[in-house]
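One structure is given here, and the rest of the page talks about it.
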Amino acid sequence: MNCKSFEWFVYYVMPEMAIPPMDAKYYGELTNSKSQACWEVQDDFAIGMTYFCFFHKIIPKNNFALTVDGRLTYREKCVRITPPDPVLTVGECPRTDKERESFGIWELENQGQVWGKMKVKRRRDDGVWEHFCITQVTNIMDKHKGEQMPQIGGDCQDNNDFQTWSWTYGLDWTQVPTSALTKYRN
């Protein structure tokens with residue numbers, strides 16, 4: 001039999017299918033466990049929420065990745081925080097460690113294989129680290145007023161389900177031979 005690999009299928013038959021970055025630890029939709037709404041990039045690059053989620057059918061508008069080095073990405077961009085503004089936005093990824101530290105370093109504090117508290121920390125200009133827990137809220141600020149949004153808040157609370165998020169997929173690229181993944185890339 002002269003069968004083609006799944007990777008060949010993705011690259012040649014379904015080229016529009018998004019492939020997770022090789023440094024992704026989690027990938028896909030980021031869904032709130034209480035509301036079942038997922039993250040979505042708005043036209044102004046703010047992160048909002050939508051109930052138009054597909055869970056295991058990934059749509060590009062809702063694709064995010066959390067990398068092993070703590071970047072939260074959307075396509076070729078990164079999600080950033082800019083306190084005291086609580087709104088999450090998408091922008092150019094930081095190029096240096098110093099930029100990355102002020103941009104925000106993300107982690108999933110696991111409560112299960114692909115779910116838990118989404119946390120972000122950043123180093124302020126005075127060198128002090130700030131820590132935030134991402135919470136789904138009804139926005140009260142003028143821009144996006146009344147909309148559901150994931151925003152930075154204070155500490156994580158065990159009993160707050162609006163702070164619990166799940167990813168579509170958890171990835172462990174170390175289990176896949178490198179030679180099997182690089183044949184059709186770039």
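Each value in this text was obtained by applying a stated rule to the coordinates, not by laboratory testing. Computed from a predicted model, the values in this text were never measured in an experiment. Please note: Cβ atoms are built from the backbone with ideal geometry, for glycine as well, and neighbour counts cover all protein chains shown.
Details
- Calculated [θ] (222 nm, deg cm²/dmol) that DSSP helices of n ≥ 4 give over the chain, each run adding -39,500 (n - 2.57): -2500 deg cm²/dmol
- Within the chain, Cys3 have no other Cys Cβ under 4.7 Å of their Cβ and so lack a disulfide-compatible partner by this rule.
- Computed magnitude of the charge dipole of the chain (debye, nearest 20; Cβ of K, R +1, Cβ of D, E -1): 440
- Put a dot 7 Å past the Cα of Lys77, heading toward its Cβ, do the same for Ala18, and the two dots end up 1.2 nm apart.
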